[in-house]
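K.L.:
I have a structure here, written as structure tokens, and I will follow up with some questions on it.
The values are calculated or read from the model by the stated rules, or taken from the named source; none is laboratory data. Computed from a predicted structure; not experimentally measured. Here the Cβ is made from the backbone with ideal geometry for all residues, glycine too, and neighbour counts use every protein chain on show.
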Amino acid sequence: MAKKKFVVGCFDDEAVLFPAVKKVRTAGYKIHDVYTPFAVHGLDHAMGLRETSLHTAGFIYGITGTATALSSISWIFTKDWPLNIGGKPHFALPAWIPIMFELTVLFAAVGMVLTFCYLCQLAPFVKKHHFHARATDDLFVMVIECTDKTNTDDLQAFLSSNGALETKVEVAEDGWWLGRYDKDEMPFEEKQIVAA
Amino acid sequence: MASLRTQFEVPGKMKTWSYALIGLGLAALLYGMFTKGFSSDEHEQVHFWGTLMYNTIFWTLICNASMFFISVTTLAQAGFTQTFRRIPEAISTLVPIFGAITFAVLLYIVFGHKHHIYHWLDTEAVAADPILKGKAGFLNPTFFVIWTTLTIALWSFLGWRIRKLNDEADAGPMDRETSEKFIHRGTVRTAMFTVWFGLTVGSTVPWLWMMSIDAHWYSTMYSWYTFASSFVAGMSLIALWVIYLKNKGYLELTSQEHLHDIGKFMFAFSIFWTYLWFSQYMLIWYANIPEETVYFKHRTQGAYKGIFFFNLIVNFLCPLLILMKRSAKRNYTLVTFMAVLIIFGHWIDFYQMVMGSLMKEHVSLGWLDFGILAFFVGAMILFVGTALSKKPLIAKYHPYLKESVIHQV
């Protein structure tokens, strides 16, 4: 965990945001992330994010579920405790398919939810820095990671010229930390002071 | 918009191919008709009329599936279909044509008193049989003819009304009020089609046309199974035409995004088909009651074993494993391959549904089946191509067109 310097630009229109993202990338800046109040179609492509591998994980979990169900049921019903049920063969595959199916779905679903939480770093008490409180309300917030050589004034001017309503420089934690917002620095703190 | 190629012209090569296939099919049909259809041997007759029956029903249903696709997407207010909607529309124009052929074949079977195909036509047998007597209210020539007539006529008529309404979107720009009204009228018309579709394909018609071959046996799942089979093949047919037209440089506004959605339909309904296949099979396998297992006896243990499991591989395992990946559904070559495979697979499925009950002892798949298949493929290409060339490929002023153009999966 390290503190890093970021330049934050806020936009209020998707139609302005998209060309800005493109220009920032062409200019060679590294976009840390873009925070939006809702899912914006095509933004992942514009930012050049790679396809998620969540579905590959889902496939593997599903196969694991199928294999678990098939191996355990077949072991139980043919080796461990064979029972005669309605004169059916011990290896009664059709009767097991619903259970295999259910376990496939269960493994895939639970596994994918947990993987999703892991990939997005979501868990109770896991906190991340909020670059701008209005990202949860009505602003599209673009966060650019600075290097030693970044001239923040130039970058802020560049963002403003591309339609950013508001720009600022922030030094913030780039990873997650465990804690509570009421104990840590509040994202709304500054605003409340202004209002008072 | 001005540079779009919206006027399809039937290429000479396509005409040649379709005429060749139709010619081949007619030759097989005529040869079959004189050697088998009018032969004095009951067995040969059953072979010929059964083959004709499953082919006509299959092709009518998969063309009708196109209109069902239009209807459900309209009812769901799905915009993405607009850039290629004229294709399912063109395919659905075949319903009256193929429907008339089906009607003629079925009527010949009923009035020609082919009780080796429909056992319930045999009045003496029905009178002596308490099970068939109990079904006589449903399985009798009068009801059969009335219901079949209504079915095909209403499919054609309600479908025609939906296509006709969409022609208004060619005429000129609509203001807000007109387009709202247009969407509402479309919703009403497609709802009517969907209801009739549910009453026919979704329930009665597969029982009446195909399940009644095994007059004693029944499965409530059968109609859904038939619907799933015909719908997934119908989606594949739409995919093939979309890809063909894209290849020829039409449909500039249709992209991989739309193909992806069609691919999803093919994938999802293959799984749905398997779900029904398995539900029907497992319940009967589990209960193990002789009057129910009779349907599967010769299919899983007799002559049809190979076809029966081949069916499962082609229609379930292949779509499941090949179409699962996102990149596969966006790949034109792979979708083309899978569409052909799925159509063929479900044709085989219809084959075993009908012929598996008519000729239990041996598999008759041969020149007659493929000849008649060639006829229908040829006729389909010719008629769909002609229908496509009659209208612009895109209804330019449809209120949802923009939504479709910017569609992204």
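K.L.:
Looking for whichever is within 30 Å of B:Val46 (Cα to Cα), in a helix (DSSP H, G or I) and of a type in the set (S, T, N, Q) here; the options are B:Thr194, B:Thr204. Which one fits?
P.N.:
Unique residue meeting the criteria: B:Thr204.
K.L.:
I need the full set of residues from region B:178-206 which are out of contact with any Leu (no Cβ under 9 Å at 6 or more places or on another chain) and either over 18 Å from B:Val95 (Cβ atoms) or buried (at least 19 other Cβ atoms within 10 Å of the Cβ) (or both), in order please.
P.N.:
B:Thr178, B:Ser179, B:Glu180, B:Lys181, B:Ile183, B:His184, B:Val188, B:Ser203
K.L.:
Within region B:170-201, take every residue that is among the aliphatic types (A, V, I, L, M) and out of contact with any helix residue (DSSP H, G or I) (no Cβ under 7 Å at 6 or more places or on another chain) and give me the one that is nearest to B:Pro392 (Cα to Cα).
P.N.:
My answer is B:Ala171.
K.L.:
Could you tell me which residue of region B:326-336 is farthest from the other protein chains (Cβ to nearest Cβ), considering only residues that are in a helix (DSSP H, G or I) and surrounded by 14 or more Cβ atoms within 10 Å (Cβ to Cβ)?
P.N.:
That would be B:Thr336.
K.L.:
How many of the residues in region B:181-200 are more than 16 Å from B:Trp160 (Cα to Cα) and of a type in the set (S, T, N, Q)?
P.N.:
Total satisfying the criteria: 1.
K.L.:
Determine whether region B:359-377 contains at least one residue that is more than 20 Å from B:Leu94 (Cβ to Cβ), among the polar types (S, T, N, Q) and part of a loop (DSSP other than H, G, I, E, B).
P.N.:
Checked region B:359-377: at least one residue is more than 20 Å from B:Leu94 (Cβ to Cβ), among the polar types (S, T, N, Q) and part of a loop (DSSP other than H, G, I, E, B).
K.L.:
Out of all the residues in region A:55-67, is one or more in a loop (DSSP other than H, G, I, E, B) and surrounded by 12 or more Cβ atoms within 10 Å (Cβ to Cβ)?
P.N.:
Within region A:55-67, not a single residue is in a loop (DSSP other than H, G, I, E, B) and surrounded by 12 or more Cβ atoms within 10 Å (Cβ to Cβ).
K.L.:
Within the set of pairs 6+ apart or on separate chains, which have a first residue in region A:101-116 that is of a type in the set (S, T, N, Q) and in a helix (DSSP H, G or I), a second that is surrounded by fewer than 18 Cβ atoms within 10 Å (Cβ to Cβ) and at pLDDT below 95, and C-beta atoms under 7 Å apart?
P.N.:
Between residues of region A:101-116 that are of a type in the set (S, T, N, Q) and in a helix (DSSP H, G or I) and residues that are surrounded by fewer than 18 Cβ atoms within 10 Å (Cβ to Cβ) and at pLDDT below 95, the close pairs are A:Thr115/A:Leu54.
K.L.:
Related question: Can you find a residue in region B:132-152 that is among the aliphatic types (A, V, I, L, M), in a helix (DSSP H, G or I), in contact (Cβ under 8 Å) with a residue 40 or more places away in the chain and surrounded by fewer than 14 Cβ atoms within 10 Å (Cβ to Cβ)?
P.N.:
Scanning region B:132-152 turns up no residue that is among the aliphatic types (A, V, I, L, M), in a helix (DSSP H, G or I), in contact (Cβ under 8 Å) with a residue 40 or more places away in the chain and surrounded by fewer than 14 Cβ atoms within 10 Å (Cβ to Cβ).
K.L.:
Can you tell me which residue within region A:43-98, out of those that are within 14 Å of chain B (Cβ to nearest Cβ) and acidic (Asp, Glu), is farthest from B:Arg326 (Cα to Cα)?
P.N.:
A:Asp44
K.L.:
Restricting the search to region A:16-42, which residues are within 14 Å of chain B (Cβ to nearest Cβ) and touching a residue at least 24 places away in the same chain (Cβ under 8 Å)?
P.N.:
If the condition is that a residue be within 14 Å of chain B (Cβ to nearest Cβ) and touching a residue at least 24 places away in the same chain (Cβ under 8 Å), then A:Phe18, A:Val40, A:Gly42 are the ones that fit.
K.L.:
Next question. Within region B:378-409, which residues are aliphatic (A, V, I, L, M) and in a helix (DSSP H, G or I)?
P.N.:
Within region B:378-409, B:Ala379, B:Met380, B:Ile381, B:Leu382, B:Val384, B:Ala387, B:Leu388, B:Leu401, B:Val405 qualify.
K.L.:
Please find, within region A:99-119, the residue that is farthest from the other protein chains (Cβ to nearest Cβ) out of those that are hydroxyl-bearing (Ser, Thr, Tyr) and buried (at least 16 other Cβ atoms within 10 Å of the Cβ).
P.N.:
A:Thr115
K.L.:
Then there is this: Tell me the residue from B:Ser389, B:Ser357 that is away from every other protein chain (no Cβ under 14 Å), of a type in the set (Ser, Thr, Tyr) and under 26 Å from B:Trp209 (Cα atoms), please.
P.N.:
Going through B:Ser389, B:Ser357 in turn, just one is away from every other protein chain (no Cβ under 14 Å), of a type in the set (Ser, Thr, Tyr) and under 26 Å from B:Trp209 (Cα atoms): B:Ser357.
K.L.:
Right, next: Having 3 or more residues that are more than 14 Å from chain A (Cβ to nearest Cβ) and surrounded by fewer than 17 Cβ atoms within 10 Å (Cβ to Cβ) is the bar; report the helices (runs of 4 or more DSSP H) wholly within region B:239-325 that clear it.
P.N.:
It comes to B:290-300, B:305-312.
K.L.:
Conditions: (1) assigned to a helix (DSSP H, G or I); (2) in contact (Cβ under 8 Å) with a residue 60 or more places away in the chain. A:Pro98 meets all but one. Number of the miss?
P.N.:
(2)
K.L.:
Another question, if that's okay. Only one of B:Thr51, B:Thr56 is surrounded by fewer than 24 Cβ atoms within 10 Å (Cβ to Cβ) and more than 17 Å from B:Ile238 (Cβ to Cβ). Can you tell me which?
P.N.:
Residue meeting the stated conditions: B:Thr56.
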